[in-house]
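Here, each number is a calculation from the coordinates, and none is a lab measurement. As the structure is a prediction and not an experimental result, all values here were calculated from the model. Glycine gets a Cβ as well: all are built from the backbone with ideal geometry, and neighbour counts include every protein chain shown.
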């Protein structure tokens, strides 16, 4: 009977050890799921910020299009600006809008 009792005790110890290993594995998997969830949440937040910043950059590019073009092409932009300015002066003097722009 002693051998049978020893075998039974060994089987119980092995079953308990297996249960402990399974519990540790499940706990590790649960912790990993939590960490992965946090990483995914952080990545989603970062992607949202990147999208917002990309939209802001697009808006800024649209707003500064003429200024950037003028900075890249000053040899064409400066004469164009002078012609536009002279055109405005001519229209003001020709149609008599000069009184609107006089300072008293």
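Computing FRET efficiency as 1/(1 + (r/R0)^6) for residue 89 and residue 60, where r is the C-beta to C-beta distance and R0 is 30 Å, gives about 0.40.
Could you work out how much longer the chain between residue 97 and residue 69 gets when fully extended? Use 0.36 nm per residue separation minus the Cα distance between them, nm to one decimal.
Full-extension gain reported as 7.0 nm.
Counting only alpha carbon atoms, the long axis of helix 2-63 and the longest principal axis of the chain meet at about 0°. Sorted from longest to shortest, the spans of the Cα atoms of segment 1-63 along the three principal axes equal 92, 9, 5 Å. Helix 74-95 against the longest principal axis of the chain: what's the angle in degrees, Cα atoms only, rounded to the nearest 10? The angle comes out near 50 degrees.
Under the simplified labelling scheme, the residue 10-residue 42 pair shows an inter-label distance of 4.8 nm, with each label point 7 Å from Cα along Cα→Cβ.
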